[in-house]
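Okay, structure first, notes after.
The values are calculated or read from the model by the stated rules, or taken from the named source; none is laboratory data. Bear in mind the structure is a predicted one, so any value in this text is a computation, not a measurement. For neighbour counting, all protein chains shown are included, and Cβ atoms are generated from backbone atoms with ideal geometry for every residue, glycine included.
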Amino acid sequence: MKNQHFQEFISHTKKEWKQQVIKDLKGKDFDENITWIIDENIRINAYCDGEDLHQMPLKSIQQSQNQGIKRTWNYREIIKFKSEEETNALIISLLDKGANSFLLIINGECECEFEVKKLLRNIKISAVPFFFKVENNALRLVNELQIVAPYHWKGGIENDILGRYFTSGIYDINEWKAMKEILVKVQKFPSFKTFIINGNIFHNAGANVAQEVSFTLASAIETIDRISNQNIDLLVIIKNIEFSISIGTNYFVEIAKIRSLKFLWNKILLEGYGLAQENIPPPTVHCVTSSFFNSSNSPHTNILRATTEAMSAIIGGCDSLSVRAFDETYQESDEFSSRIARNISTILREESYLDKVIDPSSGSYLIENLTFEIAENSFKLLKEVEIKGGIVEAFKHNFIQNEIKRSVENQRNELFSHKKIMVGVNKFTIDETKSNKTQKTNQLSSGLGFDLLTDVRLSSTFEK
């Protein structure tokens, strides 16, 4: 009875398939017309089969995707602090609208002024994962949390020491001591993360997929080394790490990017730090839909982009998801656009049932090949960074900036030449709002997204 329904079909090898395609191309170049070029170093054949899986460490790749026996993800709403009362009311209202986790961005001028007790009134951070993004006084915040919430915490502190360095050039090595103190204080809360490894900054600066993965992992290695040098157990540090990465528009590539990040993280802990496989906890990954690829002239196309990006994040195995509103590239998002963004995650769970399969892309010839190709290229670049002394030293000597600048130039050329089409960006562009608006800038670039196609760079502190 085996393969009864397919006995009438003749089996062909990959070599035979390629020969037939070359014949059908009638003299046209096979690689130029058939090979999928992801970036300058990653190329994937249009046809993958079981033979390809024997040429990679498939078992290790799939083992590193382990998320337990149940597949789920939190929707993490990103909000900015305004006042204790206003922010508290907003959070409580959002809990009834699909959000079940929060990232609160607290600007520097507010950090010493707000009262944690008022902010968290009627909110239990033992039930709702709550992340605080701060630039200073993270230790003060933790001390106050211990007073007003003396019970189990879920969430984390995002005090991005390396991210601030890469975007502003400001680097105080003594901040690692404060992060070590925080870690000691929150060790009894296994669901509260001390170290958020922020790969979003590389994505939104224009890094390609291999650069994103390698620089994110290099940041994690730097964090481990800085904290472990203060006599903190390695496993304690690893359990307190969360990766936060952006997800772009290339559907299958982004699925594979998350999988390759998990695979390489497992490889680093096994081979680089000597941990036993049974002692390695599954990595926690937070995914944010991309702002780099969004259109400000045709913002409603961003809803479609956010949908495929969210699907990539979920299928790739994210633990939490944040979807950017379609209009946030040029204005502060209103209640309507935020609701649309939030409902993307809700629909993918409640109507598309993406929470019913633990690892839906496992065994896919294409995605497994992509995962391994991205991992190989990322690991090669990661070794270059480590040879230069780690990501801080590589940044000081402009290695990181120059790598990303080359990637941005390649992407810009593809768009200008129309080798790559982005609806509402370089084709079928209509100003839907019929008003003059300037796309928001961030610390990483003189313009977010491809609408402006301006120079994208990390901090110019070390550019001479």
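For Ile358, the requirement of being surrounded by fewer than 16 Cβ atoms within 10 Å (Cβ to Cβ) and within 24 Å of Gly68 (Cβ to Cβ) is met.
Going through (1) farther than 27 Å from Phe132 by Cα; (2) touching a Gly at 6+ places or on another chain (Cβ under 9 Å) one by one, Thr249 falls short only on (2). Within the option set Gly108, Gly98, being modelled with pLDDT under 90 and surrounded by 15 or more Cβ atoms within 10 Å (Cβ to Cβ) holds for one residue only, Gly98. Looking at Ser312, is it in a helix (DSSP H, G or I) and crowded, with 24+ Cβ neighbours inside 10 Å? Spelling it out, Ser312 is indeed in a helix (DSSP H, G or I) and crowded, with 24+ Cβ neighbours inside 10 Å. Of everything listed in (1) over 16 Å from Ile245 (Cα atoms); (2) crowded, with 24+ Cβ neighbours inside 10 Å, the single unmet condition for Leu321 is (1). Note on the range 336-385: among residues that are more than 20 Å from the chain's Cα centre (by Cα) and not in a helix (DSSP H, G or I), the one that is nearest to Arg305 (Cα to Cα) is Ser352.
Out of all the residues in the range 180-191, is one or more of a type in the set (Phe, Trp, Tyr) and under 22 Å from Pro282 (Cβ atoms)?
Yes: one or more hits.
In the range 18-34, the count of residues that are surrounded by 13 or more Cβ atoms within 10 Å (Cβ to Cβ), at pLDDT below 90 and assigned to a loop (DSSP other than H, G, I, E, B) is zero. Residue count for the range 233-285 under the criterion of being among the basic types (Lys, Arg), out of contact with any Ser or Thr (no Cβ under 7 Å at 6 or more places or on another chain) and under 18 Å from Ser214 (Cβ atoms): the result is 2. Can you find a residue in the range 42-61 that is crowded, with 19+ Cβ neighbours inside 10 Å, of a type in the set (A, V, I, L, M) and modelled with pLDDT under 90? Within the range 42-61 (the criterion being crowded, with 19+ Cβ neighbours inside 10 Å, of a type in the set (A, V, I, L, M) and modelled with pLDDT under 90), the answer is yes, since at least one residue qualifies. I want to confirm something. Restricting to the range 81-95 and keeping residues that are part of a helix (DSSP H, G or I) and among the hydroxyl-bearing types (Ser, Thr, Tyr), which single residue is surrounded by the fewest Cβ atoms within 10 Å (Cβ to Cβ)? So, considering only residues that are part of a helix (DSSP H, G or I) and among the hydroxyl-bearing types (Ser, Thr, Tyr), the one surrounded by the fewest Cβ atoms within 10 Å (Cβ to Cβ) is Ser93.
Picking from Ile201, Ile227, which residue would you name as being in contact with a Phe, Trp or Tyr (Cβ under 8 Å, 6 or more places away or on another chain), over 25 Å from Cys318 (Cα atoms) and of a type in the set (A, V, I, L, M, F, W, C)? Talk me through it step by step, then tell me what you get.
Details: Ile201 fails: over 25 Å from Cys318 (Cα atoms).
Exactly one of Ile201, Ile227 is in contact with a Phe, Trp or Tyr (Cβ under 8 Å, 6 or more places away or on another chain), over 25 Å from Cys318 (Cα atoms) and of a type in the set (A, V, I, L, M, F, W, C), namely Ile227.
Any residue at all in the range 397-412 that's in a helix (DSSP H, G or I), aromatic (Phe, Trp, Tyr) and touching a residue at least 24 places away in the same chain (Cβ under 8 Å)? Looking for residues that are in a helix (DSSP H, G or I), aromatic (Phe, Trp, Tyr) and touching a residue at least 24 places away in the same chain (Cβ under 8 Å), one finds none in the range 397-412, hence no. Only one entry in Asn240, Asn279 is surrounded by fewer than 19 Cβ atoms within 10 Å (Cβ to Cβ) and more than 18 Å from Ser361 (Cβ to Cβ), namely Asn279. Being exposed (fewer than 10 other Cβ atoms within 10 Å of the Cβ), farther than 26 Å from Thr371 by Cα and among the polar types (S, T, N, Q) is a description that applies to Gln7.
Contact annotation: residue pairs with Cβ atoms under 9 Å, 6 or more positions apart or on different chains, pairing a residue in the range 253-274 that is in the same structural domain as Ile237 (by TED's automatic domain parsing) and in a helix (DSSP H, G or I) with a partner that is crowded, with 24+ Cβ neighbours inside 10 Å and acidic (Asp, Glu), are Glu254/Glu309; Lys257/Glu212; Leu261/Glu212.
So that you can scan it fast, the table gives a plain yes or no per residue for (1) under 24 Å from Asp39 (Cα atoms); (2) exposed (fewer than 15 other Cβ atoms within 10 Å of the Cβ); (3) in contact (Cβ under 8 Å) with a residue 12 or more places away in the chain; (4) in contact with a strand residue (DSSP E or B) (Cβ under 9 Å, 6 or more places away or on another chain):
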| residue | (1), (2), (3), (4) |
| --- | --- |
| Ser364 | yes, no, no, no |
| Ile374 | yes, no, yes, no |
| Glu384 | yes, yes, yes, no |
| Ile387 | yes, yes, no, no |
| Phe395 | yes, no, yes, no |
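Selection of helices (runs of 4 or more DSSP H) fully inside the range 157-209 by the criterion of at least 3 residues being surrounded by 24 or more Cβ atoms within 10 Å (Cβ to Cβ) and assigned by TED's automatic domain parsing to the domain that holds Val236 returns 200-205.
So Leu139 clears everything in (1) surrounded by fewer than 24 Cβ atoms within 10 Å (Cβ to Cβ); (2) out of contact with any helix residue (DSSP H, G or I) (no Cβ under 6 Å at 6 or more places or on another chain) except one condition, right? Which one? Only one criterion in (1) surrounded by fewer than 24 Cβ atoms within 10 Å (Cβ to Cβ); (2) out of contact with any helix residue (DSSP H, G or I) (no Cβ under 6 Å at 6 or more places or on another chain) is unmet by Leu139, namely (2).
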